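Structure record follows, encoded as structure tokens.
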Amino acid sequence: MSDINRSYKVFFGDNREEAIKRDGEKCVKCMITRDEHKEKYNRDITVDHIDGKGRNTPLKLKNNSLNNLQTLCLSCHGKKDILRRTALNTATGERHGSAKLKQQDVDDIRMFYSRGIKVKDIVTVYPVSKITLYYIVNGTTWKTNNKGDE
């Protein structure tokens, strides 16, 4: 068994090839075929854990069942991962390059709150959840980068 096949077994149990075959050997999002993918990216098409618990998840917590796996091309897999990370970072208030708020927004939210404007009113202006706004006004999890924001 090759090293790559051993790592596929670790990441997907025995279901990687089954998922690819079930999905017609193409990306379920953009429909690029496995052969087109190999030609375009010089590597095999990818398999994604729908629940997001893939590569960096401890083995005992992975769900490698076929109904949790989908075939994606590199481009669609990357887009899915970026959207998921952005949603998680925004929800926890961590600063991320594509987060919905800039540092100026955070400063304005804190200023409005300090002047007595309620979170339920602030949330109607800024595109984040109430819990994120609570984190911001309490200064508990919102982190800014050291370079400043544009």
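The values are calculated or read from the model by the stated rules, or taken from the named source; none is laboratory data. Treat the numbers as computed from the prediction; the structure is a model and nothing was measured. Here the Cβ positions follow ideal geometry from the backbone for every residue, glycine too, while neighbour counts run over all protein chains shown.
Taking ILE82 as the residue in question, decide whether it is surrounded by 12 or more Cβ atoms within 10 Å (Cβ to Cβ), in contact with a strand residue (DSSP E or B) (Cβ under 9 Å, 6 or more places away or on another chain) and not basic (Lys, Arg). Judged against the criteria, ILE82 is not a match. Of all residues in region 47-67, which are within 16 Å of the chain's Cα centre (by Cα) and at negative phi? Across region 47-67, the qualifying residues are VAL47, ASP48, HIS49, ILE50, ASP51, LYS53, GLY54, ARG55, ASN56, THR57.
Every residue, every condition in (1) in contact with a helix residue (DSSP H, G or I) (Cβ under 9 Å, 6 or more places away or on another chain); (2) modelled with pLDDT of 55 or more, yes or no:
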residue	(1), (2)
SER75	yes, yes
LYS79	no, yes
SER114	yes, yes
VAL119	yes, yes
SER129	yes, yes
ILE136	yes, yes
LYS143	no, no
GLY148	yes, no
